[in-house]
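A quick write-up on the structure given underneath.
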C-alpha cells in the first residue's frame, strides 16, 4: 500500500493545554456596543488573510463584539480555520510576524492575541463543530433581541463578581450560551427555563 506523502499526513496534536504566561487576573468590564469594533475586526482580518493566504480557510468575526447592539468586553475575537491545526509551520510564524503572541496551545485550538490584549485570534481545524457553534450563537444574537438582551444581562451580572481569570468568567457563561444555542437549533433545554 503506498504511503501518503509526508505533507498530507496529520501529526498528533498536543494532548494538554499550554497557557503561555500562566493564569492572568484581568479586570473585566462590559462596554456598550462600539461601532468601531467591526472596523477593527476588518483591519485584523485583512492582515491575517494577506499573511496566511490559502492556509486560512475561513476568517470570521465572532464573540460579542460581532453583534451590533450588544455590550461586550472590548476584545475583538477572530476565528480562523486551517486544514491542519498541528501544521503550525503553515500559520504560526506568519501570525507571530504580524505581532500576535501565542497565548494558548491546546488540543484542536490555538489562540494568539495582540500585546494590548484587545484582539484574540482563535485557530481551529476546518470542520470542527465549535466553528458552527460560534457562528450559530453569533447569528442568534444578531437576529433575536430577547436572547441578545438576556446574554448582555447575564454578562453584566457575571463581571460584577470576582474571577480568578478570564477563563473562569467564560466558563460561567456556558449555561446561558448553551440555552441560546439550543433555542437557535429549536431544541428544548432544561437550561431554557432557568436562563
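The numbers here are math on the coordinates, done by the rules we state, and not lab data. Fair warning: this is a prediction, and the values are worked out from it, not measured in the lab. Here the Cβ is made from the backbone with ideal geometry for all residues, glycine too, and neighbour counts use every protein chain on show.
How many percent of the alpha carbon pairs in region 1-100 exceed a separation of 16 Å?
Summing the P(r) tail past 16 Å for region 1-100 gives 68 percent.
Take 143, 64 and order them by how many other Cβ atoms sit within 10 Å, fewest up front.
Ranking 143, 64 by Cβ neighbours within 10 Å, fewest first, gives 143, 64.
Using Cβ counts within 10 Å as a stand-in for footprinting exposure, how do 37, 163 rank, fewest first?
So the residues, fewest neighbours to most, are 163, 37.
Please state the equivalent ellipsoid semi-axes for region 71-129: what are the square roots of 5 times the Cα gyration tensor eigenvalues, largest first, in whole Å?
Working from the Cα gyration tensor, I get semi-axes of 19, 15, 8 Å.
Find the Cα radius of gyration of the chain, compare it with 2.2 N^0.38 Å by division, and give the number to two decimals.
So the chain has a normalised radius of gyration of 1.08.
Give me the distance between the Cα centres of region 15-37 and region 69-134, rounded to whole Å.
If you average the Cα positions of each part, the centres end up 13 Å apart.
Pop the C-beta distance of residue 19 and residue 58 into the FRET formula with R0 = 25 Å and round what comes out to the nearest 0.05.
0.50
Based on the Cβ-Cβ distance of residue 146 and residue 174, what FRET efficiency does E = 1/(1 + (r/R0)^6) give at R0 = 30 Å, to the nearest 0.05?
After rounding to 0.05, the efficiency reads 0.95.
Restricting to bridges with both residues inside the chain, how much of the DSSP beta-bridge set is antiparallel, in percent to the nearest 5?
DSSP beta bridges in the chain are roughly 70 percent antiparallel.
Mind checking the angle between helix 174-185 and the chain's longest principal axis? C-alpha axes, 0 to 90 degrees, to the nearest 10.
Orientation of helix 174-185: about 90 degrees from the principal axis.
For the ranges 168-177, 147-156, what's the packing order if you count other beta-carbon atoms within 10 Å of each residue, average per peptide, and put the highest first?
Top to bottom by mean Cβ count within 10 Å: 147-156, 168-177.
Mind pulling the angle between the C-alpha long axis of helix 145-159 and the longest principal axis of the chain? Nearest 10 degrees, somewhere in 0 to 90.
The two axes meet at around 80 degrees.
Would you calculate a helix-derived [θ] at 222 nm for the chain, using -39,500 (n - 2.57) for each DSSP H run of n ≥ 4 and dividing by the full residue count, to the nearest 500?
Value at 222 nm, helices only, nearest 500: -11500 deg cm²/dmol.
How far is helix 36-52 tilted, in degrees, relative to the longest principal axis of the Cα atoms in the chain, given as a value from 0 to 90 rounded to the nearest 10?
10
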